[in-house]
Amino acid sequence: FERITLPLYQELETEGMWFTVPEEVDDVYNGYTLFNYYNGLKHSLLNAAMMRTMATREDMGSTVFNTKDESGEVKKSHILLYDLYPGGLGFTEKAYDFGYEIIEDAINLVMKCNCEDGCPACVGDYHLDKKLVAWGLKSLLEAQKAPPEVRKVEAPYKVVVEKKFEFEELPKRWGEFVKFLSDRAEYLHSFLSTINNVEVSGNLLIFVTDFKFYERWVLENSNRKKILNTINRYVKTPPTFDIGVKVIEKQPDDIREKIMRRYDDLVK
Ligand SMILES: [Zn+2]
């Protein structure tokens with residue numbers, strides 16, 4: 001035997017949103033002791049939410065949780081979607097705006113899947129009857145529709161972060177900013193720490209680098225979005241804030257000269 005010293009759980013302070021499962025669905029799903037139909041809801045809602053927000057499995061997770069009343073009795077079940085980054089990266093915040101559409105998408109994903117009764121792709125498991133999962137999803141929708149003016153999707157809880165950095169002072173405080181991100185284990189800190197200099201021009205934050213490929217990487221849409229989100233979270237950015245890249249070419253003549261000199265040394 002070996003004593004386990006690592007914690008068996010991970011703590012993650014992040015953003016999330018949840019769907020509350022209606023009572024009539026609880027009543028039916030709880031009748032199945034062998035198969036967990038909540039997992040079918042969780043699986044299909046996560047898939048639909050990832051598609052709506054262009055998130056990947058590394059961006060968003062889902063789980064089922066229960067709230068209890070004063071006597072400790074389980075009162076409600078909820079399907080929680082959450083950002084997989086400390087502090088969140090805005091994926092579930094965006095998903096929250098599409099609460100209604102995500103449920104509809106999830107129903108379509110399940111019902112239009114090529115399988116007959118349910119499969120790992122649509123409901124996460126061969127054992128779950130997809131009609132029963134789709135019924136549960138539809139019930140979420142009805143519960144939402146019931147009073148049309150009120151959305152049943154709960155408000156996302158937000159981690160309040162004080163914005164410590166002024167946009168204009170980023171060039172001066174860049175090192176400090178990167179250190180701050182690294183202390184918070186922000187996902188992008190290691191990338192941003194490879195940028196030595198930034199410049200501010202109007203609403204643009206410009207990364208100055210001599211790595212040509214950074215330009216493409218930074219401006220690729222999902223990377224750009226993650227960088228913007230991370231900076232937006234801690235910096236008082238202007239409303240139309242964006243990022244740019246300035247590549248400083250290493251002087252090719254310099255390099256050639258060095259190579260030639262070395263060559264000269266060799267043939268001397
Ligand atoms: Zn299927």
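Derivation of every value follows stated rules applied to the coordinates shown; laboratory data play no part. What you see is a predicted model, and the numbers here were worked out from it, not measured in a lab. Every residue, glycine among them, receives a Cβ derived from its backbone with ideal geometry; neighbour counts consider all protein chains shown.
Which ³J(HN,Hα) values in Hz, rounded to whole numbers, follow from the phi angles of the range 115-120 under the Karplus curve 6.51 cos²θ - 1.76 cosθ + 1.60, where θ = phi - 60° and Gly and Pro get x?
5, 8, 10, x, 8, x
Which entries of 68/164; 164/246; 172/226; 75/226; 163/225; 163/246 show an alpha-carbon separation above 28 angstrom in the structure shown?
Values: 68/164 37 Å; 164/246 26 Å; 172/226 23 Å; 75/226 37 Å; 163/225 18 Å; 163/246 26 Å.
Those over the limit are 68/164; 75/226.
Under 11 Å from the Cβ of residue 58, count the other residues' Cβ atoms, weight Lys and Arg +1, Asp and Glu -1, and hand me the total.
0
At 0.36 nm per residue, minus the direct Cα-Cα distance, what do residue 194 and residue 246 gain on full extension? Give it in nm, one decimal, please.
Details: separation 52, 0.36 × 52 = 18.72 nm, distance 1.40 nm.
So the chain would gain 17.3 nm between residue 194 and residue 246.
Which order do peptides 86-96, 226-236, 106-116 fall in by mean Cβ count within 10 Å, highest first?
Packing proxy ranking, top to bottom: 86-96, 226-236, 106-116.
Run the simple label-point estimate for residue 34 and residue 201 please: 7 Å along Cα→C-beta, distance reported in nm.
Taking the simple label geometry, residue 34 and residue 201 are separated by 6.7 nm.
Counting other Cβ atoms within 10 Å of each Cβ, which chymotrypsin sites (Phe, Trp or Tyr not before Pro) in the range 29-78 have at most 16 and sit in a DSSP loop?
Counting only loop positions with at most 16 other Cβ atoms within 10 Å, the chymotrypsin sites (Phe, Trp or Tyr not before Pro) in the range 29-78 are 32, 35.
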